[in-house]
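J.: To start, I am sharing the structure in question, which I have written as structure tokens.
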Amino acid sequence: MTLTAHRFYIDTTNNAQGGFLHVDRLHLDLRDVRVTYKELSGAVTRLAGNGGPLQVSRAAGSNGQAARVKVAGTVGGTAMNATGTLLAQGTELSLTVPGVEQAGPVWRVGLPEGVGFESARAGADGVEIGLVGHQVTLGSSRFGG
């Protein structure tokens with residue numbers, strides 16, 4: 001059995017103004033989640049607050065749960081061209097970009113119990129995030145006295 005959801009969003013853990021991140025596709029057969037660079041670019045631009053649009057794209061060097069991404073554009077009148085990391089760990093996605101003073105956004109994804117992110121890889125049009133699940137609840141018992 002699989003469940004597929006399209007075009008929904010998640011918010012940052014601190015509900016930052018404009019911090020929502022659109023998820024293009026969630027395919028729940030414990031295989032993958034994909035977040036497009038277009039949607040990452042929109043979230044990062046909104047969170048930056050001042051300056052022009054920021055563009056997120058693929059960078060070399062993804063490893064394990066860390067997808068490497070390039071962030072380019074203007075923040076506060078200063079040009080930015082940096083390589084950052086989208087980390088998929090547990091049930092959270094976090095983005096860090098060297099040289100950015102404020103803490104990077106963190107998005108918590110409501111996953112079923114026992115399911116968590118296992119890997120992240122920067123692909124051609126977005127970040128592919130692998131999931132793993134280790135527990136299936138088949139029923140419950142209640143003992144009383």
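J.: Take the residues in the stretch 57-90 that are of a type in the set (V, I, T) and modelled with pLDDT under 90, then tell me which one is farthest from the chain's Cα centre (by Cα).
T.: Filtering the stretch 57-90 for residues that are of a type in the set (V, I, T) and modelled with pLDDT under 90, the one farthest from the chain's Cα centre (by Cα) comes out as T78.
J.: Can you confirm whether the stretch 43-53 contains a residue that is closer than 21 Å to Q102 by Cα, out of contact with any Asp or Glu (no Cβ under 8 Å at 6 or more places or on another chain) and in contact (Cβ under 8 Å) with a residue 60 or more places away in the chain?
T.: Checking the stretch 43-53: at least one residue is closer than 21 Å to Q102 by Cα, out of contact with any Asp or Glu (no Cβ under 8 Å at 6 or more places or on another chain) and in contact (Cβ under 8 Å) with a residue 60 or more places away in the chain.
J.: Checking T45 against (1) touching a Pro at 6+ places or on another chain (Cβ under 8 Å); (2) open to solvent by 20 Å² or more (accessible area, probe 1.4 Å); (3) farther than 20 Å from N14 by Cα, which single condition isn't satisfied?
T.: Result: T45 fails condition (3) only.
J.: Next up: When only residues in the stretch 15-42 that are at pLDDT 80 or above and among the polar types (S, T, N, Q) count, which is surrounded by the fewest Cβ atoms within 10 Å (Cβ to Cβ)?
T.: This residue is Q17.
J.: Another question about this same structure. Looking at G18, G77, G64, G90, which one is of a type outside the set (D, E), out of contact with any strand residue (DSSP E or B) (no Cβ under 6 Å at 6 or more places or on another chain), within 19 Å of R108 (Cβ to Cβ) and touching a residue at least 24 places away in the same chain (Cβ under 8 Å)?
T.: From the options G18, G77, G64, G90, the qualifying one is G18.
The values are calculated or read from the model by the stated rules, or taken from the named source; none is laboratory data. From a predicted model like this one, the values you see are computed outputs, not experimental measurements. Don't worry about glycine lacking a Cβ; one is built from the backbone with ideal geometry, like all the others, and counts go over all protein chains shown. Heads up: the accessible areas ignore ligands, DNA and RNA and are worked out on the full protein's heavy atoms, side chains in. Shrake-Rupley method; radii C 1.70, N 1.55, O 1.52, S 1.80 Å.
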